[in-house]
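Okay, structure first, notes after.
The values are calculated or read from the model by the stated rules, or taken from the named source; none is laboratory data. Please read all numbers here as calculations on a predicted model, not as lab measurements. For neighbour counting, all protein chains shown are included, and Cβ atoms are generated from backbone atoms with ideal geometry for every residue, glycine included.
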Amino acid sequence: MLYSDAEKIYRFEILQPFEYYVEYKYPTFYCRFFNLEPDSHGLFNRVHGDDMRSPEFRAHMMRVFGGIDLVISLLDDPDTLVASLTHLQHQHDERHIPANYFDVIISISNRFNRV
């Protein structure tokens with residue numbers, strides 16, 4: 001099949017890397033987290049965290065990593081960054097997430113791109 005230049009860019013430069021992250025990198029991140037903090041599974045019941053291939057959990061992964069992308073893109077807009085992080089904090093406050101989980105996430109993130 002012949003592809004136009006735009007289709008080639010979409011298929012081979014955007015879609016394939018995106019699928020790689022959704023299928024392998026994001027689940028790897030959560031596997032590491034669940035292995036280090038097995039009690040955390042209950043926090044993910046709402047998004048079917050027991051099945052990383054479920055549409056609910058895949059959507060959750062996309063929101064999390066989309067949020068990271070958002071934060072990075074707002075680094076040069078401090079007021080909007082603070083508003084975004086404040087909103088995110090309120091979403092997580094009600095879930096009573098132990099503070100050490102964030103340390104684990106940072107530790108995993110620091111090694112994430114070496115996989």
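Annotations
- Annotation: of all residues in region 86-115 being over 17 Å from Ser40 (Cα atoms) and at pLDDT 85 or above, the one that is surrounded by the most Cβ atoms within 10 Å (Cβ to Cβ) is Leu88.
- Selection count, region 76-85, where residues are loosely packed, with under 10 Cβ neighbours inside 10 Å and assigned to a helix (DSSP H, G or I): 2
- Count - residues of region 66-104 that are of a type in the set (Phe, Trp, Tyr) and over 21 Å from Phe29 (Cβ atoms): 0
- Scanning region 21-62 for residues that are free of Cβ contacts under 8 Å to residues at least 24 places away in the same chain, aromatic (Phe, Trp, Tyr) and under 12 Å from Val104 (Cβ atoms) returns a single hit, Phe34.
- Residue pairs meeting the criteria (Cβ under 8 Å; at least 6 apart or on separate chains; first under 26 Å from Phe34 (Cα atoms), in region 76-100; second among the small types (Gly, Ala, Ser)): Leu88/Gly67
- On the stretch given as region 65-75, residues that are exposed (fewer than 14 other Cβ atoms within 10 Å of the Cβ) and either in contact (Cβ under 8 Å) with a residue 24 or more places away in the chain or among the β-branched types (Val, Ile, Thr) (or both) total 3.
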